[in-house]
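The values are calculated or read from the model by the stated rules, or taken from the named source; none is laboratory data. Computed from a predicted structure; not experimentally measured. Here Cβ is always computed from backbone atoms with ideal geometry, including for glycine, and neighbour counts include all displayed protein chains. SASA here: full protein model, heavy atoms, side chains in, ligands and nucleic acids out. Shrake-Rupley method; radii C 1.70, N 1.55, O 1.52, S 1.80 Å.
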Amino acid sequence: MAQAEATVLKAGCKVNLWLRITGARPDGYHDLDTLFYPLPEPHDTIHVSEGLAGSGVTLTCDIPELAGQDNLLVKAARAFQRESGVGADLALHLEKRIPVGAGLGGGSSDAASLLRFLNKEAGDQILSQDDLNSLAASLGADVPFFLQDKPARALSIGEQLTPLQDQAETLLQGLSLVLVCPDLHVSTAWAYSAWDKAQEKILSPRGESLTALLQAGISSVSRCPALLVNDFEPVVFAAYPELRRLKERLLQSGASSALLSGSGASMFALFRDKATAQDAAKGVADTATTYMMML
């Protein structure tokens with residue numbers, strides 16, 4: 001690939017329609033039961049070009065502090081090369097639009113988009129889907145989901161995926177989603193630590209399980225607010241009361257439900273009426289970046 005012929009990849013994001021933390025693991029990870037839903041916006045853009053001979057994998061970014069060897073994109077490229085035996089020099093450029101520390105999985109989405117591309121271009125050194133999934137899981141808990149990029153229930157640390165496209169479409173059919181991204185960074189590591197310290201309070205009561213709710217044949221998430229659960233909300237709202245106020249503001253504006261995504265700070269709200277959703281998005285645009293989409 002010559003520099004002028006850079007391949008352009010788009011990496012979308014996700015929200016969690018359901019997120020239960022089911023326990024802490026000895027390896028430092030946490031077991032989850034979550035329902036991932038992919039969104040096309042906001043998205044990052046990755047430019048992939050052939051690098052200078054002997055340069056290895058390099059990364060530049062329009063947010064300079066995200067460039068360099070610690071970025072998950074570089075780690076994904078190097079891990080793929082080690083696993084597949086492909087040794088091409090790569091020059092990556094990242095246009096970052098998915099906010100960092102927003103609970104939208106931007107870094108994981110970037111890594112998955114690059115892994116899919118590199119595997120497609122690997123020729124005889126292509127990895128099997130199972131090997132690619134294992135590689136993705138080694139990079140981060142959300143990366144396997146973004147490899148398939150379809151609604152899915154995830155268990156364990158997020159790598160045990162069950163596609164739920166039909167169920168998700170049924171749950172959200174006809175609704176408008178407003179995604180709100182305040183200028184606020186919530187550390188995922190901090191959020192898990194806070195949950196660990198307060199888990200006895202959070203775990204009681206637990207409410208219904210996702211399995212039970214899905215088996216009940218719920219026809220719309222707007223008719224079953226119990227489906228929208230995020231175990232991070234109590235600890236995140238306690239530390240960031242402005243996010244609690246944002247959720248209250250969205251509900252007061254006519255949302256049938258609103259929920260923190262991941263460990264935050266982004267939040268999404270679901271509306272039965274498109275015009276109400278548009279007004280709500282405008283109403284919070286003074287304090288956050290908003291995106292609206294029909295589901």
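Observations on the model:
- Sequence-separation-based contact order of the range 119-159, relative, with Cα cut under 8 Å and 6+ spacing, percent: 30
- Using the Cβ-Cβ distance between SER193 and ASP131 with R0 set to 41 Å, the FRET efficiency from 1/(1 + (r/R0)^6) comes to roughly 0.80.
- Normalised contact order of the chain, rounded percent, pairs of Cα under 8 Å and 6 or more residues apart: 21
- Exposure of GLU242 as accessible area (Å², to 10), given a probe of 1.4 Å and all protein chains: 80
- D (Stokes-Einstein, µm²/s), Kirkwood Cα radius, the chain, 0.890 mPa s at 25 °C: 123
- Surface accessible to a 1.4 Å probe, TYR240 within the full protein complex, Å²: 50
- Rounded to the nearest 10 Å², the accessible area of THR45 at probe 1.4 Å: 20
- Computed label-point distance, nm, for sites LYS150 and GLU5 using a 7 Å Cα→Cβ extension: 3.2
- With every protein chain in place, the range 1-152: carbon and sulfur % of accessible area (1.4 Å): 50
- Largest accessible area first, the residues THR34, THR22 order themselves as THR22, THR34 under a 1.4 Å probe with ligands, DNA and RNA left out.
- Building the convex hull from the alpha-carbon atoms of the range 27-150 and averaging its projection over directions returns 8.3 nm².
- Proximal lysine pairs, the chain, alpha carbons under 20 Å, eight or more residues apart or interchain: 13
- When ARG244, ARG82, ARG272, ARG25 are compared by accessible surface with a 1.4 Å probe, the order from highest to lowest is ARG82, ARG272, ARG244, ARG25.
- Residue order for TRP190, TRP18 - accessible surface, 1.4 angstrom probe, largest first: TRP190, TRP18
- Helix-only mean residue ellipticity at 222 nm for the chain, each DSSP H run of n ≥ 4 adding -39500 (n - 2.57), per residue, nearest 500: -10500 deg cm²/dmol
- Cα centroid of the range 245-292 to Cα centroid of the range 171-191, whole Å: 9
- Modelled label positions at THR287 and GLU41, each set 7 Å beyond Cα in the direction of Cβ, lie 2.3 nm from each other.
- The range 35-82-the range 96-116 distance, computed between alpha-carbon centres (Å): 9
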